[in-house]
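Asker: Quick one: this structure, given as structure tokens, is what I'll be asking you about.
The values are calculated or read from the model by the stated rules, or taken from the named source; none is laboratory data. Keep in mind that what you see is a predicted model, and the values were worked out from it rather than measured. When we count neighbours, we look across all protein chains shown, and the Cβ atoms used for this are built from the backbone with ideal geometry, even at glycine. In case anyone asks, the SASA skips ligands and DNA or RNA and just uses the protein heavy atoms, side chains included. Shrake-Rupley method; radii C 1.70, N 1.55, O 1.52, S 1.80 Å.
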Amino acid sequence: MWKWLAEGEAKGVVVLIHNAYEEHRRYAWQIEKWRTNGFHVYMGDLPGHGIQASEDGVHREHFFEYDKAAAELLRLAAENVLPIVLIGHGLGAIVAIHALSANRHPVSAVILTSPWFELKKFPAKQSFPLSGISKLGGKRKVDHGIELRHLTRRKFQDGQAKAGEAIYSLSTPAWWKELQSYMEQAGKTQIPDVPVMLNLGQRDLITKTKLSRDWLSTQTLAEFHFKEWPFCYHDLFQEPEREEVFQMSLCFAQAVAESD
């Protein structure tokens with residue numbers, strides 16, 4: 001886990017939880033934006049990702065390990081005695097919701113982007129064991145088939161995946177089965193009454209955005225902000241509109257920090 005110090009006097013602390021199949025280096029731009037706007041940033045690679053990835057790059061870690069990693073990030077962030085803004089993207093948004101449901105952490109606000117409540121994109125059928133997904137053993141792998149072109153319209157300068165931008169979407173059938181129950185449980189979860197911002201991409205190719213709207217409507221919240229960004233794909237902070245997405249998120253975070 002890493003901590004990036006705010007430039008000048010800190011207004012608050014941002015805790016970032018990344019999506020499945022990626023790592024913290026994809027968040028370099030966002031980390032710098034938060035830091036230069038007065039927020040400490042805490043982030044780490046989730047178990048099985050980035051520096052913690054297995055040698056073969058196949059995800060076989062258990063989801064309780066994600067919960068433990070999120071809890072540790074929030075514990076460290078709380079040591080600053082500053083308002084905490086928890087930000088989760090994709091699978092990371094679901095991890096954030098699970099962390100909030102435990103209600104053990106002093107979180108002041110939550111920003112969720114493209115939560116994985118229900119997937120639109122699935123692995124090819126041949127990725128699953130012949131006897132069905134219930135056959136969890138063996139060396140079979142599930143290839144979710146996610147590539148950068150499915151996540152963002154923004155073209156990278158060199159036209160290729162740079163360090164930290166590659167996506168490795170292989171898993172075991174057991175991991176994939178656990179993912180389904182983890183998402184389903186999150187969709188039924190009530191979170192504490194803290195300000196929530198939910199951002200979705202209108203052209204998200206990975207998730208069904210209606211489920212995110214439905215989840216938000218079931219929450220008992222005194223304050224929430226919702227926006228579905230026209231034309232945007234899944235990775236909102238990687239899209240051509242990312243500056244606009246960040247500025248809206250920053251205004252939300254600053255307002256919460258000032259009122260806390």
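Asker: Which distance in nm do the two modelled labels at Lys227 and Lys177 give, with both placed 7 Å along the Cα-to-Cβ direction?
Answerer: In this crude label model, Lys227 to Lys177 measures out at 4.2 nm.
Asker: Mind checking the stretch 153-260 for chymotrypsin sites (Phe, Trp or Tyr not before Pro) that DSSP puts in a loop (not H, G, I, E or B) and that have at most 14 other Cβ atoms within 10 Å?
Answerer: Phe156, Phe231
Asker: At a 1.4 Å probe radius, carbon and sulfur cover how many percent of the accessible area of the chain?
Answerer: Whole-percent figure for carbon plus sulfur exposure: 51.
Asker: Then there's this: Could you tell me how many degrees, from 0 to 90 and to the nearest 10, lie between the Cα long axis of helix 209-218 and the main elongation axis, the longest principal axis, of the Cα atoms of the chain?
Answerer: Between the helix axis and the principal axis of the chain, the angle is about 50 degrees.
Asker: Taking 8 Å as the Cα distance limit and 6 or more residues as the minimum spacing, I'd like the relative contact order of the stretch 1-141 as a percentage.
Answerer: Computed value for the stretch 1-141: 25 percent relative contact order.
Asker: Ok, one more. Give the relative contact order (percent, whole number) for the chain; include only Cα pairs under 8 Å separated by 6+ residues.
Answerer: 21 percent
Asker: For the chain, set up a Gaussian network in which alpha carbons nearer than 10 Å are linked by springs, and say which option among Met183, Met248, Met43 fluctuates the most.
Answerer: Sorting by GNM fluctuation, first place goes to Met248.
Asker: Please list, in order, the residues from the stretch 244-260 whose amide nitrogen is less than 20 Å from a point placed 7 Å along the Cα→Cβ vector of Gln219.
Answerer: Residues 245-260 qualify, since their backbone N sits under 20 Å from the label point.
Asker: What does the accessible area per residue of the chain come to in Å², with a 1.4 Å probe and no ligands, DNA or RNA counted?
Answerer: Using a 1.4 Å probe on heavy atoms only, each residue of the chain averages 46 Å².
Asker: Only loop residues by DSSP count here, and only those with at most 16 other Cβ atoms within 10 Å; note down the trypsin sites (Lys or Arg not before Pro) in the stretch 20-83 that meet that.
Answerer: Here the sparse-neighbourhood loop sites are Arg60.
Asker: OK, next. What is the set of long-range amide H partners of His225 at a cut-off below 5 Å, with H atoms built 1.01 Å from backbone N?
Answerer: Long-range HN contacts for His225: Val196, Met197, Leu198.
Asker: Round to a whole angstrom and tell me the spacing of the C-alpha centers of the stretch 187-206 and the stretch 31-85.
Answerer: Here the two parts' Cα centres lie 19 Å apart.
Asker: In Å, what Kirkwood hydrodynamic radius results for the stretch 1-156 from the alpha-carbon pair distances?
Answerer: 16.9 Å
Asker: Quick one: check the C-alpha center-to-center distance for the stretch 170-184 versus the stretch 224-260, whole angstrom.
Answerer: 29 Å
Asker: Here's a follow-up. Please identify every one of the GluC sites (Glu not before Pro) in the stretch 1-104 that sits in a loop by DSSP and has no more than 10 other beta carbons within 10 Å of its own beta carbon.
Answerer: Within the stretch 1-104, the qualifying GluC sites (Glu not before Pro) (loop, at most 10 other Cβ atoms within 10 Å) are Glu9, Glu55, Glu79.
Asker: In nm, give the distance between the simple-model label positions of Glu9 and Lys68, each being 7 Å from the Cα along the Cα-to-Cβ direction.
Answerer: Here the answer is 4.0 nm between the modelled labels.
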